[in-house]
Amino acid sequence: MKIKKAIIPAAGYGTRSLPITKVIPKEMFPINGKPAIDYIVREAITSGITEILIVVSRNKNMIIDYFDRSLELENFLKQNNKQHLLNKLSIPNIHIQFVRQPIARGLGDAIRLGKPFVNDEPFAVLLPDDIFIEKESSLQKLIHVYHKVNSNVIGVKKVEDDLLKNYGVIDGKQVSHQLHEITNLIEKPQVSPPSNLAVAGRYVLHPDIFTYLQRVKPGSGGELQLTDALKDMLKDKKCYGQELVGDRYDIGSEKEYFELLKRLHYEQL
Ligand code: UTP
């Protein structure tokens, strides 16, 4: 079945980026004049997605406004001989819906809210704070693999040993070039990570995941973790980790956000 739908969870508190995230959602951090989430929506479109659900929270209306037309601004530009700027207002041409997560109870809880939207189809998840600079879209690669293995596929990325404690890390066996069959997932391993492959913000999942999300208990940080539901699912279903080779920037890390801005700045010169 073609993967048409994607969920983009954007309702987290962004605590690592406080105080700015008190008023500006991390997903709206500017990258070359566009918010981070614009890049994610465009990655989804490039990958063949035709319907998107963005999970937001009460103080993230800015995201909803961004993906709406601004007729007032369009009229202003037309009436003031600034038509050449109209293309800057163009919004991605795709059907986007929004749902609110009342309390940021974790990524698993945010995805769970997408059940009625997904409606029994395989679907994609893109975390909007993970920006990939890659020739082929990261999600496109995962969708391609999903059709080959006909099972859940998670994007994974090689990470330096001392940083593995910040990520979900997979255990498993390599089944082909850059493809691993996952046997276990450890969230933020403080000692002895099972591999150097960390979960990397892109997923293609079978709708069965909702059964596991429904029974997941609060885990790391008291939150309902997607990783815990995936771990539970591994007992019954297969899940693969596809290595993503492009550079990944976690914009929740100030260092990586600035590295991304610097790189794009120099690439433009
Ligand atoms: P993160 O854990 O990276 O984001 O979640 P966060 O919680 O907002 O940031 P920190 O760690 O406190 O700095 C990954 C994505 O999942 C969303 C976030 O908005 C982010 O885009 N998310 C997280 C939700 O939608 N709901 C949640 O309850 C938690």
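Any read-out appearing in this document is the output of simple, stated calculations on the displayed coordinates, not a laboratory observation. What you are looking at is a predicted structure, and each value in this text was computed from that prediction instead of being measured. Here Cβ is always computed from backbone atoms with ideal geometry, including for glycine, and neighbour counts include all displayed protein chains.
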Of the listed peptides 192-198, 4-10, 233-239, what is their order by residue-averaged count of other C-beta atoms within 10 Å, with the highest listed first? 4-10, 192-198, 233-239
Under the 7 Å Cα-to-Cβ spin-label approximation, N93 and N80 lie apart by a distance in nanometres of 2.8
Would you mind checking K5/K158; K26/K231; K148/K237; K22/K217; K34/K262; K165/K262 for any pair whose Cα atoms are more than 19 angstrom apart? K5/K158; K26/K231; K22/K217; K165/K262
Taking N as the number of residues in segment 185-261, what value does Rg over Cα atoms divided by 2.2 N^0.38 Å take? 1.27
Two decimals is fine: what's Rg over Rh for the chain, C-alpha atoms, Kirkwood radius as Rh? 0.97
Suppose a student asked you for the relative contact order of the chain, using Cα pairs under 8 Å spaced at least 6 residues apart; what percent would you report? 23
R100 label point, 7 Å along Cα→Cβ, cut-off 14 Å on backbone N: hits in segment 7-32? 11
In Å³ and rounded to a whole number, note down the convex hull volume per residue for the Cα atoms of segment 132-173. 103
Cα extents of segment 117-201 along the three principal axes, largest first, in whole Å? 38, 28, 28
Using only Cα atoms, locate the centre of segment 41-93 and the centre of segment 140-208, then give the distance between them in Å, rounded to an integer. 33
Using 1/(1 + (r/R0)^6) with R0 = 25 angstrom and r between the beta carbons of E72 and K262, what's the FRET efficiency to the nearest 0.05? 0.10
Using +1 at the Cβ of each Lys and Arg and -1 at the Cβ of each Asp and Glu in segment 56-144, identify which of S138, G114, L77 lies farthest towards the dipole's positive end. L77
Which order, highest average first, do 91-103, 33-45 follow once you tally other Cβ atoms within 10 Å for each residue and take the mean per peptide? 33-45, 91-103
Just how large is the dipole of segment 96-168 about the Cα centre, in debye to the nearest 20, putting +1 at every Lys and Arg Cβ and -1 at every Asp and Glu Cβ? 200
If I take the Cα coordinates of segment 1-141 and project them onto the principal axes, what are the three extents in Å, biggest first? 48, 39, 29
Would you mind checking the tilt of helix 254-268 against the longest principal axis of the Cα atoms of the chain, expressed as 0 to 90 degrees and rounded to 10? 60
The chain, dipole about Cα centre (Lys/Arg Cβ +1, Asp/Glu Cβ -1), debye to the nearest 20: 400
Dipole moment magnitude, nearest 20 debye, segment 1-94 about Cα centre, only Lys, Arg, Asp, Glu C-beta charged: 160
